[in-house]
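Peer 1: Below is one structure. I have some questions about it.
The values are calculated or read from the model by the stated rules, or taken from the named source; none is laboratory data. Remember, predicted model here, so these are calculated numbers, not experimental data. Positions of Cβ are backbone-derived with ideal geometry, glycine not excepted, and every protein chain shown enters the neighbour counts. Heads up: the accessible areas ignore ligands, DNA and RNA and are worked out on the full protein's heavy atoms, side chains in. Shrake-Rupley method; radii C 1.70, N 1.55, O 1.52, S 1.80 Å.
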Amino acid sequence: MECLLIQGCELTFLYFLSNRYVVLTSKHHEGYTLWPSKVSWNWNAQDIGAKRDLLGDLAKAIRNKTDIHFGVYHSMFEWFHPLYILDKKNGYKTQYFVDSKALPELFELVNTYHPEVIWSDGDWEAPDTYWKSKEFLAWLYNESPVKDVIVVNDRWGVNIPCHHGGYYTCSDRYNPKTLQAHKWENAMTLDKGSWGFRRNVDLSDFLTVEELITTLAETVSCGGNLLINVGPTSDGRIIPIFEERLREFGSWMNVNGESIYGSSPWKAQNDTITPGVWYTSKDNNIYAIVLSWPKNNVLKLGSLQLDSEDEIYMLGVSSPLEFTQAKKVLSVTFPYLPPNKLPSMYAWVLKVTN
C-alpha cells in the first residue's frame, strides 16, 4: 500500500458484521488526492510522488483478488486551500471551495471508482448547507452508478454526526458499550495517539492484541462495526508492529470469525455474573466471547440458561464442553489443553447450539 509524500495518510480497514470492507483515505485534510483528480492539479498521486493512480490500483486489486467490498474516505475541507480559507473568512456564505473542489472530487470518486462505502470527514467547521450535502446525497442514492449498493457515514456537516447517516460514527473511537438503536461504527486506531505514522511513538502507545480483541467484542456485541486504522510511512510502508498486530488479529478471526461476521446482538450484551464476557448471535446460535480464561477452568454465566439437550462448543475445539445448570447460574468446564493446543491465545468463543 503506497501513500507517497503524505506522512499523515491513513489506511483504514472497515469490518462490517456481515461483510468485510477496506477503506482507503483517498484525500486527507492536506488536500493531496491518491487519484489523478482533475480538480487537484499537480497535487495528486499521478502528477507528483508515486506517478500512479493509487486509488485505482487498490480498487482493482481488491475487486479482482478478494471478496472484500471497496470504500473510500474523503475529507471535505482542506487546511491550506485558499478558497476554503476565503469561504471560512466569509462565514461560509460563499461556496467557492465546495463548487470548485469538494463536490467535484466526490462526483469523480463515485463515477470513476464506484465505491460501496463513502466515509466522509472534515465536515465539522461548516453546516451541511455549505457542503451541499443534501444535494450530493440525493444524487448518490437516486442517480449515481452505486445508488443500489452505497453506504455512507454521518459526517456531513455541523451537528450531523450521530443524528443522520447510513451508520453513525459519532466521534473518533466511539464505543458506548451498550446496545444502540441505530447502526454505528467504532472508528479507532492501533496507535492510541495518532491516525497517521509517528516516528516518535512509544511501544506502550500501540494497542495490544488483547486490547484490540476486547474492543472488537465490546463493539460487535452492541451492534457496531469496527474500523481499524493504521498509518503508513511517507514512502508507503506498513511498519512491522502494525503488520504484526493485524496478522495476529487475523489469526484470531480465522478461528473465531464465525461469532463476528453476519452476527447480531443478542438479548444480553455482556454477562450478568462474569465481567469480560460479551455475547453475539447468529442462525439460532449464541456466542459468548470470553476475554479471560476462567480460574479452575470453570466459567460461571448468569445470562445463559440451558437445557440438557443444548450443547456448548469452544470454537476451534471439536468436542462439546461439559456444563451444569444450577438455578440461574450456568457453569461451563473449559477444556484441559496444553498451550500449544489452544485454539487461540487471547480470547475464546463459546458456541451454544440448539
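Peer 1: If you check every pair at least six apart or on different chains, which have Cβ atoms under 7 Å apart with a residue in the stretch 28-56 that is of a type in the set (Lys, Arg) first and a residue that is in a loop (DSSP other than H, G, I, E, B) and open to solvent by less than 40 Å² (accessible area, probe 1.4 Å) second?
Peer 2: Pairs found: Arg52/Ala45.
Peer 1: Would you point out the residue of the stretch 310-321, among those that are part of a strand (DSSP E or B) and surrounded by 14 or more Cβ atoms within 10 Å (Cβ to Cβ), that is farthest from the chain's Cα centre (by Cα)? It would help to see each step written out before you state the result.
Peer 2: As a first pass, look at the stretch 310-321 and keep what is part of a strand (DSSP E or B): 311-314.
Checking which are surrounded by 14 or more Cβ atoms within 10 Å (Cβ to Cβ) leaves us with 312-314.
Values: Ile312: 30, Tyr313: 28, Met314: 26 Å.
Result: Ile312.
Peer 1: Could you list, in sequence order, the residues of the stretch 166-197 that are more than 30 Å from Ser234 (Cβ to Cβ) and of a type in the set (A, V, I, L, M)?
Peer 2: Matches in the stretch 166-197: Leu179, Ala181.
Peer 1: So, of the residues in the stretch 269-309 that are open to solvent by 20 Å² or more (accessible area, probe 1.4 Å) and among the charged types (D, E, K, R), which turns out to be nearest to Val332 (Cα to Cα)?
Peer 2: Going through the qualifying residues, I end up with Lys300.
Peer 1: With respect to the numbered conditions (1) closer than 20 Å to Leu227 by Cα; (2) open to solvent by less than 30 Å² (accessible area, probe 1.4 Å); (3) assigned to a loop (DSSP other than H, G, I, E, B); (4) at pLDDT below 95, which one is the sole condition not fulfilled by Ser18?
Peer 2: (2)
Peer 1: Assuming Phe97 fulfils every condition listed in (1) over 14 Å from Asp123 (Cα atoms); (2) in contact (Cβ under 8 Å) with a residue 12 or more places away in the chain; (3) part of a helix (DSSP H, G or I); (4) of a type outside the set (A, V, I, L, M) apart from one, which condition is it?
Peer 2: (1)
Peer 1: Within the stretch 204-218, can one find any residue that is among the small types (Gly, Ala, Ser), closer than 22 Å to Met345 by Cα, over 17 Å from the mean Cα position of the chain (by Cα) and modelled with pLDDT of 95 or more? Give the steps one after another, and end with the answer.
Peer 2: First pass over the stretch 204-218, keeping only residues among the small types (Gly, Ala, Ser): 204, 217.
Next, only the ones that are closer than 22 Å to Met345 by Cα stay: 204, 217.
Of the ones still in play, those that are also over 17 Å from the mean Cα position of the chain (by Cα) are 204.
With the extra rule that they be modelled with pLDDT of 95 or more, the set shrinks to 204.
Yes; the residues of the stretch 204-218 include at least one that is among the small types (Gly, Ala, Ser), closer than 22 Å to Met345 by Cα, over 17 Å from the mean Cα position of the chain (by Cα) and modelled with pLDDT of 95 or more.
Peer 1: Could you please find all residues in the stretch 336-354 being farther than 20 Å from Asn284 by Cα, touching a strand residue (DSSP E or B) at 6+ places or on another chain (Cβ under 9 Å) and open to solvent by less than 20 Å² (accessible area, probe 1.4 Å)? Write out each step before concluding.
Peer 2: Residues of the stretch 336-354 that are farther than 20 Å from Asn284 by Cα, as a first pass: 336-347.
Filter once more, keeping what is touching a strand residue (DSSP E or B) at 6+ places or on another chain (Cβ under 9 Å): 342-343, 347.
Within the stretch 336-354, just Ala347 meets the criteria.
Peer 1: Within the stretch 112-159, which residues are of a type outside the set (A, V, I, L, M, F, W, C), open to solvent by 10 Å² or more (accessible area, probe 1.4 Å) and outside any loop (DSSP other than H, G, I, E, B)? Steps first, answer last, please.
Peer 2: Within the stretch 112-159, the first condition is being of a type outside the set (A, V, I, L, M, F, W, C), and the residues that meet it are 112-116, 120-123, 125, 127-130, 132-135, 141-145, 147-148, 153-155, 157, 159.
Then keep just the ones that are open to solvent by 10 Å² or more (accessible area, probe 1.4 Å); that gives 112-114, 116, 121, 125, 127-129, 132, 134-135, 141-143, 145, 147-148, 155, 159.
The answer is Thr112, Tyr113, Asp121, Asp128, Thr129, Lys134, Glu135, Tyr141, Asn142.
Peer 1: Give the number of residues within the stretch 322-344 that are without any contact (Cβ under 8 Å) to a residue 40 or more places away in the chain and under 28 Å from the mean Cα position of the chain (by Cα).
Peer 2: Selection size over the stretch 322-344: 1.
Peer 1: Which of the residues belonging to the stretch 62-94 are surrounded by fewer than 21 Cβ atoms within 10 Å (Cβ to Cβ), at pLDDT 95 or above, β-branched (Val, Ile, Thr) and not in a helix (DSSP H, G or I)?
Peer 2: Listed by number, the list holds a single entry, Thr94.
Peer 1: Gln46: of a type outside the set (A, V, I, L, M), at pLDDT 95 or above and either assigned to a helix (DSSP H, G or I) or surrounded by fewer than 21 Cβ atoms within 10 Å (Cβ to Cβ) (or both), yes or no? Don't jump to the end; show me each part of the working.
Peer 2: Values: of a type outside the set (A, V, I, L, M): yes; at pLDDT 95 or above: yes; either assigned to a helix (DSSP H, G or I) or surrounded by fewer than 21 Cβ atoms within 10 Å (Cβ to Cβ) (or both): yes.
Yes: the conditions hold for Gln46.
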